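One structure below.
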Amino acid sequence: MSAPINVLLVDDHAVVRMGFKMLLESDPDIKVIAEADSGENGVKMYMEHKPDVVVMDITMPGIGGLEATDRIIAKDSSARILVLSAHEDSVHPKRVLNAGAMGYLTKRSAAEELIKAIRMVANRKMYLEASIAQQMAIQQLNGEKNPVDVLSDREFEVFMALAKGETTNQIAEILSLSPRTVGTHLYNIKQKLNAGNSAEIALIAMRSGLIDP
């Protein structure tokens, strides 16, 4: 009998982690060996447990899943990370794959698809949900470039929070940054996107399919 696939679950919602753990452990070949409720703890737990696969959410308080992926890959380039997110646009998958993740699924995926994705990533094979892969392929074929591609990962996180209507102080608290640092990111975002205010930032996010109109 082969050894089970050891999984680290990283999601800030305990109920979500519990649900995914029950789902994954219904498969005898998968074992959830650790859980983390933030990106920071995800990096820490990865270094402690060295799981076969990390199942990572993107939107979490603190550094979030994108930067957590960056940090894990920086510490261990062989890490196998599968991102499981509520975001159904093509921008988030592109960013996490560029950061070194090996797969991307949306949270509305069927249970069987999640298990299949974990098996593939465990075998060092890329896995993209079909609808996401199609979006990315069409954009590439059409030569489309998204304006937010010019933002750094941290700027992108600040951009998303601004687009959702968060204030500078709220963003500072969510991302564990000082308001001054958030202000610097905001200035850089406006310069790079040629946006004058938060309303224009929200409009760019809508046109990019990142938030609902």
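Every number in this text was worked out from the coordinates using simple rules, so none of it is lab data. Please read these numbers as outputs of a predicted model, since none were measured by experiment. So basically every Cβ, Gly included, is an ideal-geometry build from the backbone, and we count neighbours across all protein chains shown.
Give me the dipole magnitude in Debye, nearest 20, for the chain about the Cα centre, with unit charges on the beta carbon: positive for Lys and Arg, negative for Asp and Glu. Could the numbers behind the result be given before it?
Working: 23 positive and 28 negative charges, 91 e Å.
Charge dipole, the chain, about its Cα centre: 440 debye, nearest 20.
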Low-density loop trypsin sites (Lys or Arg not before Pro), region 126-183, at most 15 other Cβ within 10 Å, DSSP non-H/G/I/E/B, are LYS145, LYS164
Per-residue ellipticity at 222 nm for the chain, helices alone: DSSP H runs ≥ 4 residues times -39500 (n - 2.57), over residue total, nearest 500 deg cm²/dmol? -16000 deg cm²/dmol
With the cut-off at 32 Å, report for the chain the share of all Cα pairs above it, as a whole percent. 18 percent
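Mind listing which GluC sites (Glu not before Pro) in region 139-210 are in a DSSP loop and have 10 or fewer other Cβ atoms within 10 Å? Walk me through the numbers before you get to the answer.
On the way: sites: GLU144, GLU155, GLU157, GLU166, GLU173, GLU200; in loops: GLU144, GLU166.
Here the sparse-neighbourhood loop sites are GLU144.
Could you rank the peptides 39-46, 52-59 by their average count of other C-beta atoms within 10 Å per residue, with the highest value first?
Working: 39-46: 22.2, 52-59: 25.0.
Output ranking for 39-46, 52-59: 52-59, 39-46.
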Cross-link pairs beyond the 18 Å C-alpha cut-off, checked among LYS94/LYS125; LYS164/LYS190; LYS107/LYS145; LYS75/LYS107: LYS107/LYS145; LYS75/LYS107
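In square nanometres, what is the average projected area of the Cα convex hull of region 77-188?
Computed as one quarter of the Cα hull surface, the answer is 8.3 nm².
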Per the Kirkwood treatment, what hydrodynamic radius in Å, one decimal, follows for region 147-207 from the mean inverse distance over all distinct Cα pairs? 11.2 Å
